[in-house]
Structures are given as structure tokens and as C-alpha cells.
1. Looking only at the range 35-44, decide whether some residue is in contact with a strand residue (DSSP E or B) (Cβ under 9 Å, 6 or more places away or on another chain), surrounded by 16 or more Cβ atoms within 10 Å (Cβ to Cβ), more than 17 Å from residue 157 (Cα to Cα) and modelled with pLDDT of 95 or more.
2. Could you check, for the range 190-205, whether at least one of its residues is surrounded by fewer than 21 Cβ atoms within 10 Å (Cβ to Cβ), modelled with pLDDT of 95 or more and in contact with a strand residue (DSSP E or B) (Cβ under 8 Å, 6 or more places away or on another chain)?
3. Say whether the condition of being farther than 22 Å from residue 32 by Cβ, in contact with a strand residue (DSSP E or B) (Cβ under 6 Å, 6 or more places away or on another chain) and in contact (Cβ under 8 Å) with a residue 40 or more places away in the chain is met by at least one residue in the range 148-159.
4. Inspect all residues belonging to the range 62-78 and state whether any of them is within 19 Å of the chain's Cα centre (by Cα) and surrounded by 19 or more Cβ atoms within 10 Å (Cβ to Cβ).
5. Taking the residues in the range 101-160 that are under 13 Å from the mean Cα position of the chain (by Cα) and either part of a loop (DSSP other than H, G, I, E, B) or at pLDDT below 95 (or both) as candidates, determine which candidate is farthest from residue 41 (Cα to Cα).
6. Can you tell me which condition residue 80 does not meet? The list is (1) in contact with a helix residue (DSSP H, G or I) (Cβ under 9 Å, 6 or more places away or on another chain); (2) closer than 24 Å to residue 39 by Cα; (3) without any contact (Cβ under 8 Å) to a residue 40 or more places away in the chain, and all the others hold.
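The values are calculated or read from the model by the stated rules, or taken from the named source; none is laboratory data. Quick caveat, the model's predicted, so the values are computed rather than measured. Cβ placement follows ideal geometry from the backbone for every residue including glycine, while neighbour counts extend to all protein chains displayed.
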């Protein structure tokens with residue numbers, strides 16, 4: 001009997017669409033620099049309004065149609081043009097806004113190991129959450145599955161090239177915050193990589 005692949009996500013070569021996932025295209029994207037491929041995975045968190053979960057507001061922000069009058073905070077962010085490649089909802093539902101072959105506008109001023117402009121060579125994954133609220137079991141499971149699929153598709157990435165927004169923009173950003181359990185992520189990720197021959201020391205570098 002053939003071994004069942006434990007990684008349930010697949011990434012289309014070239015364009016970089018992940019399945020299964022809801023597709024919600026964002027206009028806030030452009031071409032990566034010529035020859036650039038993903039080498040970094042950046043984990044973010046977002047909740048709109050801040051501290052509130054559920055509702056359509058994250059999708060509205062990333063597609064430039066958020067109603068500035070729906071909440072006082074939205075007036076501050078309504079003119080932003082931002083996106084991420086993926087959003088993982090509290091229930092584990094996955095939404096893709098930007099194909100991995102293109103540049104999402106998620107990192108802003110940033111640097112990873114002395115290399116600036118992280119948007120050029122990174123994949124941005126938003127978790128619905130905030131710095132202080134525990135993330136859900138479903139989010140850890142789905143995030144690990146997504147990352148395992150990305151590591152399979154993009155050889156330039158690895159367990160040591162997973163960072164928080166706080167790591168690439170220190171002093172400016174704090175997400176995913178102290179509520180995010182990095183060891184839990186690596187515990188979920190390790191067996192997925194082992195089964196695919198990519199077992200590596202799980203270590204944040």
C-alpha cells in the first residue's frame with residue numbers, strides 16, 4: 001500500500017497557488033525582482049478591529065474596500081495598501097490573497113540576517129490573532145501543514161528561515177507576539193518534514 005502523504009496542501013509550480021484554500025485576490029501585489037524566489041517565511045498576526053476575531057474586515061483591508069466608518073480604528077488604516085500571501089483564520093480556514101510567485105506587501109521596512117527588503121524574497125502568512133491571545137490548535141496544525149508544503153516547493157526555504165514580523169522589523173513590529181508558541185509550531189512541523197526526507201534540527205536561527 002502506498003504511503004499516505006501527511007501534507008494535505010499542494011503548491012502549484014511557478015505561479016504559486018496553494019490548495020485547498022479560498023482565493024481572494026488582493027490588488028496589493030507586484031512582481032518579485034527578476035530571479036527572486038521565496039527564501040523566507042514571515043509569520044504575522046492581525047485582528048480587525050484590534051482584539052476582535054471573525055468578520056470580513058481583514059479581507060476588506062487586503063482588497064482595499066474596508067469601510068472607514070464601520071469602526072473608529074478603520075479610519076486610520078483605510079488608505080493603507082497592504083496584503084499578505086495567506087491568512088489562517090481562528091478555525092484554521094485558509095485564504096490566499098497573493099500567489100507565492102508574486103510579491104505581497106506585508107513586511108514594510110525589514111531585514112533578515114542583514115538582507116533588507118524582505119518582501120522581495122519572502123512569503124507572508126497572517127494569523128488571525130493578536131500578541132496576547134493564545135492562538136488556536138487549528139491554527140498551529142494548519143500553519144504547520146502550509147509551511148511543510150512551502151518548504152517542499154521552495155528549496156531556498158528551511159526551518160531556519162521562518163521568522164516573526166517582530167524579528168525582521170524589531171522595534172517597529174511585535175507580531176505574532178508572546179502568545180505565539182514557536183515550539184508548538186516546530187512540534188507540529190517536525191513529523192511532516194521527517195516523512196518527506198527534510199528532517200532538520202528544529203531551531204529558530
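1. yes
2. No, there is no match, as no residue in the range 190-205 is surrounded by fewer than 21 Cβ atoms within 10 Å (Cβ to Cβ), modelled with pLDDT of 95 or more and in contact with a strand residue (DSSP E or B) (Cβ under 8 Å, 6 or more places away or on another chain).
3. Taking every residue of the range 148-159 in turn, none turns out to be farther than 22 Å from residue 32 by Cβ, in contact with a strand residue (DSSP E or B) (Cβ under 6 Å, 6 or more places away or on another chain) and in contact (Cβ under 8 Å) with a residue 40 or more places away in the chain.
4. yes
5. Selected residue: 129.
6. Every listed condition holds for residue 80 apart from (2).
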